[in-house]
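Shown next, in structure tokens, is the structure this report addresses.
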Amino acid sequence: MNSEDLTALPLRERKKALTRQAILDAAGRLFEQRGFDEVTVKEIADAANVSVKTLFVYFRSKEDLAFADTGLIDAILAALRATGPDSATTRPAEAVAAVLIDLLHRDDQDPVEGIEGFHRGYTASETLQGGLARVWAGYEDQVTAVLAERAGTAPTPALRLQAIALIGLVRTLTAPETRAMIAGMDGRQARAALTDWLQQAAATLT
């Protein structure tokens, strides 16, 4: 939720939104620093300056915290909906790559550390493997629906395959091969290498 959305809310709802975001921010930071399995709910609550009881008002479990941020898929879906003959980007793969490239260049964090942090926090956790698989499958469902909406048709196997490829492009950013590719690079070099990869990969997809 951006600042304009927040200011439009009544004070009580604004406080709730800020508390929820503070908990999410604290959880994400701790997960990426130390790994999901090494962080306790109490540590997250303390870092967010709330009680454990308050944390559970907003989230049912620590696993819920790991998957509650929908910012990336929301941005991807919005970009796909914006593609078409009258837009600067007409190909879905280019739209998805543009979202990812924008994130790489907008984030102040070193992309090498950011990707390693995601690995520590999420993909390295055996506890989260099932949840991650469900998240990726859910993303594919949503992208399939938007592609069908964009085409003015019912979802088809071809659109499902296209959605799988588009989410595959997202997943390559934190794949072991990508981590190996940028290992030892500084931030500028890593951004350039990742941007080149995303653009090349998007060119091979429909």
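The values are calculated or read from the model by the stated rules, or taken from the named source; none is laboratory data. Please read these numbers as outputs of a predicted model, since none were measured by experiment. Cβ sites come from the backbone with ideal geometry, for glycine too, and all protein chains shown count toward neighbours. Ligands, DNA and RNA are stripped out before the accessible areas are found, and what is left, the full protein with its side chains, is counted by its heavy atoms. Shrake-Rupley method; radii C 1.70, N 1.55, O 1.52, S 1.80 Å.
Could you check region 83-176 for helices (runs of 4 or more DSSP H) lying wholly inside it with 3 or more residues that are touching a residue at least 40 places away in the same chain (Cβ under 8 Å) and open to solvent by 20 Å² or more (accessible area, probe 1.4 Å)?
Working: elements: 92-106, 111-118, 129-151, 157-172.
Output list reads 92-106, 111-118, 129-151.
For (1) without any contact (Cβ under 8 Å) to a residue 40 or more places away in the chain; (2) closer than 27 Å to residue 98 by Cα, each residue gets a yes or a no:
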position: 28; (1), (2): no, yes
position: 43; (1), (2): yes, no
position: 48; (1), (2): yes, no
position: 61; (1), (2): yes, no
position: 66; (1), (2): no, yes
position: 78; (1), (2): yes, yes
position: 81; (1), (2): no, yes
Could you give me the residue pairs with C-beta distances under 6 Å whose first residue belongs to region 187-206 and is assigned to a helix (DSSP H, G or I), whose second residue is basic (Lys, Arg) wherever it lies, and which are 6+ apart or on separate chains?
-> none
Could you count how many residues in region 33-47 are under 16 Å from residue 128 (Cβ atoms), of a type in the set (A, V, I, L, M, F, W, C) and not in a loop (DSSP other than H, G, I, E, B)?
-> 3
